1. Kindly list, by first and then second residue, each pair from a residue in the range B:238-257 that is within 14 Å of another protein chain (Cβ to nearest Cβ) and within 14 Å of residue B:275 (Cβ to Cβ) to a residue that is modelled with pLDDT under 95 and in a helix (DSSP H, G or I), limited to pairs with Cβ atoms under 7 Å and residues at least 6 apart or on different chains.
2. Residues of the range A:235-259 being charged (D, E, K, R) and either at pLDDT 90 or above or open to solvent by 40 Å² or more (accessible area, probe 1.4 Å) (or both), which ones?
3. Residues being outside any loop (DSSP other than H, G, I, E, B), within 13 Å of residue A:178 (Cα to Cα) and within 11 Å of chain B (Cβ to nearest Cβ): count how many of those fall in the range A:276-307.
4. With the structure loaded, tell me whether residue A:320 is away from chain B (no Cβ under 14 Å), within 21 Å of residue A:140 (Cα to Cα) and open to solvent by 10 Å² or more (accessible area, probe 1.4 Å) or whether it fails that test.
5. Is it fair to say residue B:222 is more than 26 Å from residue A:71 (Cα to Cα) and at pLDDT 95 or above?
6. Yes or no: residue B:312 open to solvent by 50 Å² or more (accessible area, probe 1.4 Å), part of a loop (DSSP other than H, G, I, E, B), at pLDDT 95 or above and among the polar types (S, T, N, Q)?
7. Would you check if there is a residue in the range B:330-349 being farther than 24 Å from residue B:208 by Cβ, surrounded by 15 or more Cβ atoms within 10 Å (Cβ to Cβ), within 14 Å of chain A (Cβ to nearest Cβ) and in contact with a strand residue (DSSP E or B) (Cβ under 6 Å, 6 or more places away or on another chain)?
8. So is residue A:411 surrounded by fewer than 20 Cβ atoms within 10 Å (Cβ to Cβ), within 14 Å of chain B (Cβ to nearest Cβ) and of a type in the set (Val, Ile, Thr) or not?
There are 2 protein chains.
Amino acid sequence: MANRKILVAQGGGPTAVINQSLVGVVLQARRQLSAGVVYGARHGVRGIVDEDFVDLSQETTHNLDAVAATPGSALGSTRDKPDLKYCQDIFKVMAAHDIGHFFYIGGNDSSDTVRIVSEQAQAAGYPLRCVHIPKTIDNDLVGNDHTPGFPSAARFVAQAFTGATLDNNALPGVYVGVVMGRHAGFLTAASALGRKFADDGPHLIYLPERDFDITRFLADVKAVYNRLGRCVIAVSEGIHDAAGQPILAQLMQGQGLERDAHGNLQLSGTGALADLLCAAIKAQLGIKRVRGDTFGYLQRSFLGCVSDVDASEAREVGERAVQFAFAPPARPGGQTGQDGSVAIRRVGEYAVDYVLQPLADVAGKTRTMEDHFISASGHDVTVDFQRYLAPLLGTGLPQAQRLRAQAVPKVLGLGRGV
Amino acid sequence: MANRKILVAQGGGPTAVINQSLVGVVLQARRQLSAGVVYGARHGVRGIVDEDFVDLSQETTHNLDAVAATPGSALGSTRDKPDLKYCQDIFKVMAAHDIGHFFYIGGNDSSDTVRIVSEQAQAAGYPLRCVHIPKTIDNDLVGNDHTPGFPSAARFVAQAFTGATLDNNALPGVYVGVVMGRHAGFLTAASALGRKFADDGPHLIYLPERDFDITRFLADVKAVYNRLGRCVIAVSEGIHDAAGQPILAQLMQGQGLERDAHGNLQLSGTGALADLLCAAIKAQLGIKRVRGDTFGYLQRSFLGCVSDVDASEAREVGERAVQFAFAPPARPGGQTGQDGSVAIRRVGEYAVDYVLQPLADVAGKTRTMEDHFISASGHDVTVDFQRYLAPLLGTGLPQAQRLRAQAVPKVLGLGRGV
């Protein structure tokens, strides 16, 4: 299979480091297969059936390194979920172009795509090596300590909450920041890493792993506000009631909910959830200054907020995918490489190694936050979680500092009160 | 007056570099007045009437430097607008603490506060040197080439739009990003500096300096979308119709509009404007993937996105304020220093100098974007504006890069179409 072409593509939501993995595949393939040709499909599997290929062998290494450091999916992405007919078209195109190796960089849904393509290729007798390369800011792929893309997004969220807390200290009130994460609260939980001093926000963190109750929420906010005169809150876009219905869906009932090809309700791209929660706080707690932000696409696409640990690992999963695909046979006459999904395992404090998981172990499954990461109150994270996340955020995190200045005794005491 | 105390405070919205100006005042006062005492008032003028002072003479230089590099208002801020009674309380407190010099770091509204305090002090015969130090992400202070805080916020907006464009390239559709700026569109216009390639977004930029018409807006979006298959749009939160009514106010009519003590309608802290525009695009243009983000407080408080040019200038306006306040008399027997507002003037490409403007020239006035900065279409900026802003963004801007890879000729041409 060594002379057949290599095809790489990107699926699902872009991240700050997904291009590192793309470039990892391309450069490793060039190293390992001196005469090998590497194609990229534009916009994921959609680009395969459309025969929309670019020849990545015709890229300078300089440009590849520059693209690696650029957020977004350089090849373009897709939310398409192939059915059997779609897969048959994929094989026709791959055969026509003599493609023997397929690398797909993506999250949950993309891993399921790779599983389907791999199974259909075997059923059709088409010789194809399929490797899924992990990527998702949601950190919800099973069998991974964490997933490339998550640490950089987590860094953005932590830095954003440090700043939001400083802003809220200056002009006190209630601040609600809504963070991405459909089923997994990892990214929302990362807000906790923005804290430094004991009274820093976020003071409350609401995760999709716990049922959300608006009455309890308001009581929590009131308690913090009464104690500190301010309150900073991190909320996952995926929060839902005890029946599992998203709070956002409750709000937008009858207003045309949007779903993607994988059946997922569209949660991002609207500020409605933050606005709903702010309105409830204003109306029911009588607090005047209540502000809501929805971090939206900034948290996954902002240019210039990258964890160097994340960037390195994202590059390595791409390189290791090629190594796994072309691994020498375990025994004489055995097959070269195998299909699977590259996974990150933590092997030290802090060090990682990479393994190849069976595709069926990952595809379509969703990891959520483990119980020991969530505090008993249900609206905060544990020290375990902070220890888990801290090394992933990378080096050179900007630091916030406060005045320590001593209070001056009052002379008049005319005070109007604040 | 040299031995009387110095008082410094911060008003209005925090910025990424407002603490540079605070520290500039404190360190310059220490240099210039070896035995001088510098008080800080907590939460602006509110902290004066409340006698809520901290002794900034009791701060280490190390901590001051760390605070300078931290966003937010380290002393706390306020939106209070003092009336006569309030000013009389201010003088009582200042007299009780022997305060002879008042430095107030803030924007439009804060400069008006300094003007009132200065005038009332003169009327009351209270010897007080009042200097306003400029700060605002809106860049709307008259008599300034630009204002500290704006360049860092502009850098955030530019980097955010580069990222949003990359994201939109990967998963095409329409993206609407709403940027702060009540009357002045400078910050929204900064989105244009996120472009690199000819078809990069933002493709449309809507500023409060031009009337907004939803019908024309939809036609503009349709034209770009038909040409590129995607469209990235920057919109100022302050856009308004031909009658001057904010588009946001039209949307939220009867839903409890909030105004501050200065009579300003609260525009930030809600995602409603982006959601309205997205809904209109979906409904009337039939485009499926339409996403809206409201940059909100991230653009003024995010930890870790600072223009080094901005940081240096913010430090300098603080230092120069003290120098202006204690300037030797112009003639023998004349007064030491004078009241005024420090302003930044551009004197080279790129170099600045600082002058002291009369308070009445700045206070309560609003600069908006000059006509030569806005394109004839009304929905873009000119090259003049890009040349104006580029040097302010500072060094080390992260760069986006694209694949240049050549397209592979189709073999089958089965394409399903995109």
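1. What qualifies is B:248/B:272; B:248/B:273; B:251/B:272; B:251/B:273; B:251/B:276; B:252/B:272.
2. As a first pass, look at the range A:235-259 and keep what is charged (D, E, K, R): A:237, A:241, A:258-259.
Once the filter is applied, which keeps residues that are charged (D, E, K, R) and either at pLDDT 90 or above or open to solvent by 40 Å² or more (accessible area, probe 1.4 Å) (or both), the range A:235-259 yields A:237, A:241, A:259.
3. Residues meeting the conditions: 8.
4. Numbers: away from chain B (no Cβ under 14 Å): yes; within 21 Å of residue A:140 (Cα to Cα): yes; open to solvent by 10 Å² or more (accessible area, probe 1.4 Å): yes.
Taking the combined requirement at face value, the residue satisfies it.
5. yes
6. Judged against the criteria, residue B:312 is not a match.
7. No, there is no match, as no residue in the range B:330-349 is farther than 24 Å from residue B:208 by Cβ, surrounded by 15 or more Cβ atoms within 10 Å (Cβ to Cβ), within 14 Å of chain A (Cβ to nearest Cβ) and in contact with a strand residue (DSSP E or B) (Cβ under 6 Å, 6 or more places away or on another chain).
8. Details: surrounded by fewer than 20 Cβ atoms within 10 Å (Cβ to Cβ): yes; within 14 Å of chain B (Cβ to nearest Cβ): yes; of a type in the set (Val, Ile, Thr): yes.
Judged against the criteria, residue A:411 is a match.
The values are calculated or read from the model by the stated rules, or taken from the named source; none is laboratory data. Here the structure is a predicted model, which is why all the values come from computation and not from measurement. All Cβ positions, glycine included, derive from the backbone under ideal geometry; neighbour counts span all protein chains shown. Please note that ligands, DNA and RNA were not included when accessible areas were found on the heavy atoms of the full protein model with its side chains. Shrake-Rupley method; radii C 1.70, N 1.55, O 1.52, S 1.80 Å.
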